[in-house]
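Every number here is computed from the coordinates shown, using simple stated rules; none is lab data. Bear in mind that the values here come from a model prediction, so they are computed numbers and not experimental data. Heads up, the Cβs are rebuilt from the backbone with ideal geometry, glycines too, and the neighbour counts pull from every protein chain shown.
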Amino acid sequence: MVNKILEPVGIPFTESHFYKPPSTTHAVYNDAFERRGGDYINLVSQHDVEIELYSYEPDPETEKAIEDQFDALGIEYTKAPRYWLQTEQLFQVVYEFTYYEKEAK
């Protein structure tokens, strides 16, 4: 799902962390999930995803592009305010959303 959101935006992104962060706007995501179901068959996955957008200057164009992707895919999301990370010398914006996948048996 994250690929559907971030690939059209055109920024570098990866899961968990970059070993060497790009010198441009980039994103890191984490996907926590839980599996459940009924009658001892786990067929439903709940994904709680966090996308962290990092930029060296405020980048409202990229933020809008990500938000447009959420809207195009009909995904409800929460956006935290832009935050300055003093130790990293970067701005950070965090998006959170949840989606479900159901397997056919």
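Overview of values
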{"item": "Given charges at Cβ of Lys, Arg, Asp, Glu: the chain dipole, positive-most of Asn42, Thr87, Pro12", "result": "Asn42"}
{"item": "Computed lengthening from Gln46 to Ser23, 0.36 nm per intervening residue step minus Cα-Cα distance", "result": "5.0 nm"}
{"item": "Nearest-20 debye value, the chain charge dipole, Cβ charges on Lys, Arg, Asp, Glu", "result": "220 debye"}
{"item": "Gyration tensor (Cα) of the chain, equivalent ellipsoid semi-axes in angstrom", "result": "29, 15, 12"}
{"item": "Longest DSSP-loop-exposure-free segment, GluC sites (Glu not before Pro), the chain, at most 11 other Cβ within 10 Å", "result": "1-75"}
{"item": "Segment Trp84-Glu103, length gained on full extension (0.36 nm per residue, minus Cα span)", "result": "2.8 nm"}
